[in-house]
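Q: The structure under discussion is supplied below as structure tokens; questions concerning it will follow.
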Amino acid sequence: MKKVYADLTPLLSKPRTAKALADPSGFGSSSTLASGTSVSARTDDSALRTSKAWEVAIGPGKSLPMQMFMAWMSGTSVSIFSILITGMILMSPVRAILGVNQTFAPLLRAKGARVDVSMQKLVFVAINVAGVLFGIYRLSIMGLLPTTSSDWLAFIPPKQYLEYSS
């Protein structure tokens, strides 16, 4: 059998200098500020927080199809299970709307450039309002909303007859 030898001494004998090594990707010595943070790092951080804010804003929309499926599976009859599902469909968006500032607070507390998340908050609230509207529609399908005139008969005074015949 033939033996193969590789001579690696020229690779090891080369002196390495700091100038010979290239900068790592994403690092440029010209973009470094006096404070030590780079301009590209700040813009990347701002873009990252903006994309994270959009993910948070669209998050409730991802749960709407599952809530619709659960509502369909529970049926339209008035039972404890369907009422609990409908209550969950109504209460989770209401809680999310009331806590919109706490939801986006971690994105605003971070150090660095401020990110405007007003559009993301508006989309977040709009998606949650759609969830509340679906819950109200669900209550209407189940017959739990007073939408017909017969639902208000208790508030209509009885008819007074002027004369009776015997």
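Q: Any residue in the range 63-82 that's under 16 Å from G143 (Cβ atoms): show its pairings with residues that are open to solvent by 30 Å² or more (accessible area, probe 1.4 Å) and assigned to a helix (DSSP H, G or I) at Cβ separation under 6 Å, as long as the two are six or more apart or on different chains.
A: S74/F81; T76/I141
Q: Within the range 104-143, how many residues are touching a helix residue (DSSP H, G or I) at 6+ places or on another chain (Cβ under 8 Å), farther than 30 Å from S51 by Cβ and touching a residue at least 60 places away in the same chain (Cβ under 8 Å)?
A: Total satisfying the criteria: 2.
Q: I need the full set of residues from the range 123-138 which are over 22 Å from S82 (Cβ atoms) and open to solvent by 50 Å² or more (accessible area, probe 1.4 Å), in order please.
A: Selection gives A126, V129.
Q: Select from the range 91-122 the residues that are β-branched (V, I, T) and open to solvent by less than 40 Å² (accessible area, probe 1.4 Å) and write down the one among them that is nearest to the chain's Cα centre (by Cα).
A: Step by step, filter the range 91-122, then rank; the result is V100.
Q: Considering only the range 52-73, I want to know if a residue exists there that is of a type in the set (D, E) and assigned to a helix (DSSP H, G or I).
A: Scanning the range 52-73, I find at least one residue that is of a type in the set (D, E) and assigned to a helix (DSSP H, G or I), so the answer is yes.
Q: Among the residues of the range 139-166, which ones are outside any loop (DSSP other than H, G, I, E, B) and open to solvent by 100 Å² or more (accessible area, probe 1.4 Å)?
A: Here is the first cut: in the range 139-166, the ones outside any loop (DSSP other than H, G, I, E, B) are 139-142, 149-155.
W152, L153, F155, listed by residue number.
The values are calculated or read from the model by the stated rules, or taken from the named source; none is laboratory data. Remember, it's a predicted structure, so these values are computed and weren't measured experimentally. Virtual Cβ from ideal backbone geometry, glycine too; neighbours counted across all protein chains shown. For the accessible areas, the whole protein counts, side chains as well, though only heavy atoms, and no ligand, DNA or RNA atoms are used. Shrake-Rupley method; radii C 1.70, N 1.55, O 1.52, S 1.80 Å.
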